[in-house]
Each structure stands twice: as C-alpha cells, then as structure tokens.
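For reference, the structure is listed below as structure tokens.
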Amino acid sequence: MDIPYTSAPRPDTGLYNAKVGIWLFLASEVMLFGALFSSYILLRVSMPEGYWPHGWLNIPIGTANTIVLITSSITTVMAWAACKMNQYGRFKFFHACTILLALTFVCIKSYEYHDKFTHYSIKLANGKMADGHLIHKSPDFNVATKTGEIEIHGHEVDFKGKQGAELETELKKIYDLRSPEGTAAHKESKELKYAASEITAAETYGPWHHTYLAIYFTLTGLHALHVIGGAIVIGFLWGPGSRMWRRDHERFTNRIEVSGLFWHFVDLVWIFLFPVLYLL
C-alpha cells in the first residue's frame, strides 16, 4: 500500500505527514513542560522568605552545557542542509557532531547529579548543622544504629537560639550561597569528621532534600531523557537509517528535518531551564 504525503506536502496543510505529526507531538510537549514550569513558579512563590536556595548549582558548568546544546542545534541544521545539497559526507560529519555534543551534554549533567548525591546535609545532636561534600564514609556508617563515621569538606552552621538578623545570617550560609555570608562560609570550609553517635539526621542533596531540588531533578531529568531519546533517533538516522539516502532521498531528508525540529525543541527547553534554575 502506498501511503500518500510521505514526501509531498498535503494540500490542506502544506506539510508532509511527518511534519504534521511532529508539530502535534511538540504541542503536547509544550503542555507537559508548561505544567512543570508552572509548578515551579507556584512552589517558589509559596516558599517562606529566606528558604529558597540561591547558588546551589554551578553556573559555569550550566553555561558550558548551554553552549554545547546550542552548538548541537547548529550542527543538526547543517546536517539537514547537507542533505538538501546532496552532500553525504558533510551530512555524516555534522550529524556525528550532533550525537557527540548530545553525549557531552549528558556527561556534564551526570557530573552535576553526582555532585548533588555526594553533597551532605548533617544535623548534629548539639543543635548545629554541617554542610559539605563527602570525603569518606565508613562502610558501617548508619545514623539509626549509631555506628561508623563520616567525613565531609564543608562548614558548620548554628541555628540554636538564633532569631531575627542572626538567624537570617545563618540561613544564608545554607540557602543563599551568593550572599556575603554564604560566600564566606564556603571560603572557610574545612574537613569535618563526625561519628554517627553525634548525628541525628544525614541526607544528600537529592530530590528528597528540598522542594527546589525536587523540581530541579524532575525538570532536568525529564529534559535529559529527551536528549537521550533524540540522540538515539539521530544516531539511527546517522547509522542504519542512512541507507534510505539512495533509496528515497527526499523522504530521508524530511526525516532529518523532523528529527531536527525535535532537537530544536529540546534546545529551547534548556534555554528556559538554565536561567530559571541556575540564575534566578
């Protein structure tokens, strides 16, 4: 059976089938991410003053990832242009660049995730809180059974008996790392070792630690899945799918265009994610 409009445009829309399909799919994606961004706004405005984190993410690393993803959008356009000009070698080169840039993005994001899962917030029995990155944790470390010990590189904060301006100063050491108090605390970081018997609670900076991190992991995790999915499709078109180049060149070029539209959407989502999560 010959399916119409796989390459030629439909008379009612002026678009071929795949392009109609990708635009409908992207419309649903806009609603998905729109709902999540709306959730972020509602969660942020409902948070008490002073308890919304600032500076918890590495801006230079986020900037590097933004450059990587924008560059990948350029290379996918160049790959499509090479198809239009019937330049197979250039197509393969630019599509390979897109795949490598996608993998680079995922690797950088994995590094950021690892950083959060090795960052500890420790509540001490003396009323203080310790915050820092893991250096060493004994195999038998367990807060519930009071066994083992943990060592971090960080600083201590004392909330006990603090009120008003004093409490605000201590809060900034944890929640507002861009403030003078938060910056000073980081500069004064040192190696801290605690026995489990001194600790009442210890947890990493995973999605369970704070509302901000919950929405951060949700948004960036979903976005990373889109990056991986898009990279798989682009990889298929670069590899076994490229056999269509000679069999049905026009339809193959359309497939490259459709995959590129999805990739541009992924890029656009990150351009919103970066300032919202990293800068604001």
Helix check for the chain. Which DSSP H runs span at least 24 Å along their own axis by Cα, with a mean Kyte-Doolittle hydropathy no less than 0.5?
17-45, 59-84, 211-238
Determine the calculated [θ] at 222 nm for the chain from helices alone, applying -39500 (n - 2.57) to every DSSP H run no shorter than 4 residues and normalising by the residue count; nearest 500 deg cm²/dmol.
-20000 deg cm²/dmol
Relative contact order for the stretch 119-204: what percent, with Cα pairs under 8 Å and sequence separation of 6 or more?
38
Proxy exposure order for His114, His54 (fewest C-beta within 10 Å first) is His114, His54
Which of Ser197, Ser72, Ser259, Ser242 has the fewest Cβ neighbours within 10 Å, and the rest in rising order
Ser197, Ser242, Ser259, Ser72
Based on Cβ point charges of +1 for Lys and Arg and -1 for Asp and Glu, what charge dipole magnitude is obtained for the stretch 119-204 about its Cα centre, in debye rounded to the nearest 20?
20
Gap separating the Cα centres of the stretch 9-71 and the stretch 143-187, nearest whole Å
33
Anisotropy class of the stretch 119-204 from Cα gyration tensor, a/c 1.5 cut:
oblate
Subtracting the Cα-Cα distance of Lys128 and Thr169 from 0.36 nm times their residue separation yields 13.3 nm
Can you give the % of DSSP beta bridges in the chain that are antiparallel, to the nearest 5?
95
Which residue, Ile150, Leu171, Ile41, has the largest displacement toward the positive end of the dipole of the chain when charges sit on each Cβ (Lys, Arg +1; Asp, Glu -1)?
Ile41
For the chain, calculate the relative contact order in percent as a whole number, restricting contacts to Cα pairs under 8 Å that are 6 or more residues apart.
24
If each residue's Cβ is checked for other Cβ atoms within 10 Å, how do Cys83, Cys107, Cys97 rank with the fewest at the top?
Cys107, Cys97, Cys83
With percent of Cα pairs over 23 Å apart in mind, check [x] 49; [y] 55; [z] 63 and report the label derived from this structure.
[z]
Nothing charged except the Cβ atoms of Lys and Arg (+1) and of Asp and Glu (-1): what's the magnitude of the dipole of the chain about its Cα centre? Round to the nearest 20 debye.
1020
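Where a number appears in this text, it was derived from the coordinates with a stated rule and is not lab data. All values derive from a computational prediction rather than experimental measurement. Please note: Cβ atoms are built from the backbone with ideal geometry, for glycine as well, and neighbour counts cover all protein chains shown.
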